[in-house]
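Colleague: One structure, as structure tokens, below. Some questions next.
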Amino acid sequence: MILGIGTDIVNPTRFVRWQHYSAERVLRVFTLQELEVSTASGKFVPEKLAVRFAAKEAFYKAFSAMLVGLEKTHKTASLLAVCKAVEVVASDWGPQLLINWEYLQELFGCILPKVYVHCSLAHEREMVVAFVIIDGAYGS
């Protein structure tokens, strides 16, 4: 059963200025590994940060919808707080989201059900898009 769906579209030019931000500021949103991917070629690639940010925001939207469905909305958290729990990693089968469920349970003060997170990312020169589906069973 689908518990939440989220999507986000981002213009990568928003992230060009991020190469000039302090590491402390950037690490509030991205993990060290995500930052390394964005500069792996020896040059900063804003599309790589943009698509990871889109994935985090799409997860936030899907996760928020799941919390509403589970009636676990007594506490709220910002996108920035949830970004700390999400890391986009590459695999042989495409992008995956690594979620720190323990952090989210503590942040929202509730036990979360076992769920599966599906993620699809795409990018062109001028736009990136992320789509996230969270599925599982209510009450599990």
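Colleague: If you check Val86, Val37, Val10, Val16, which single one turns out to be closer than 21 Å to Glu124 by Cα and modelled with pLDDT of 95 or more?
Modeller: Residue meeting the stated conditions: Val10.
Colleague: For Lys43, indicate whether it is crowded, with 19+ Cβ neighbours inside 10 Å, without any contact (Cβ under 8 Å) to a residue 40 or more places away in the chain, of a type outside the set (Val, Ile, Thr) and not in a strand (DSSP E or B).
Modeller: Details: crowded, with 19+ Cβ neighbours inside 10 Å: no; without any contact (Cβ under 8 Å) to a residue 40 or more places away in the chain: yes; of a type outside the set (Val, Ile, Thr): yes; not in a strand (DSSP E or B): yes.
Spelling it out, it is not the case that Lys43 is crowded, with 19+ Cβ neighbours inside 10 Å, without any contact (Cβ under 8 Å) to a residue 40 or more places away in the chain, of a type outside the set (Val, Ile, Thr) and not in a strand (DSSP E or B).
Colleague: Failed condition for Ser78, given (1) over 15 Å from His123 (Cβ atoms); (2) of a type outside the set (D, E, K, R); (3) free of Cβ contacts under 8 Å to residues at least 24 places away in the same chain; (4) surrounded by 16 or more Cβ atoms within 10 Å (Cβ to Cβ), with all others met?
Modeller: For Ser78, the failing item is (4).
Colleague: Have a look at Glu126, Glu106 and point out the one that is under 26 Å from Leu27 (Cβ atoms), among the acidic types (Asp, Glu) and either modelled with pLDDT of 90 or more or surrounded by fewer than 17 Cβ atoms within 10 Å (Cβ to Cβ) (or both).
Modeller: Details: Glu126 fails: under 26 Å from Leu27 (Cβ atoms).
It is Glu106.
Colleague: Also, I was wondering about something else. Checking the structure you have, find out if any residue of segment 113-136 is in a helix (DSSP H, G or I) and among the aliphatic types (A, V, I, L, M).
Modeller: no
Colleague: Can you name every residue in segment 109-139 that is over 15 Å from Ile99 (Cα atoms) and either acidic (Asp, Glu) or under 15 Å from the mean Cα position of the chain (by Cα) (or both)?
Modeller: Ser120, Leu121, Ala122, Glu124, Glu126, Val128, Val129, Ala130, Phe131 - these are the residues of segment 109-139 that are over 15 Å from Ile99 (Cα atoms) and either acidic (Asp, Glu) or under 15 Å from the mean Cα position of the chain (by Cα) (or both).
Colleague: Taking the condition within 28 Å of Ala23 (Cβ to Cβ) and outside any strand (DSSP E or B), does Ala58 pass?
Modeller: yes
The values are calculated or read from the model by the stated rules, or taken from the named source; none is laboratory data. Please read these numbers as outputs of a predicted model, since none were measured by experiment. Cβ sites come from the backbone with ideal geometry, for glycine too, and all protein chains shown count toward neighbours.
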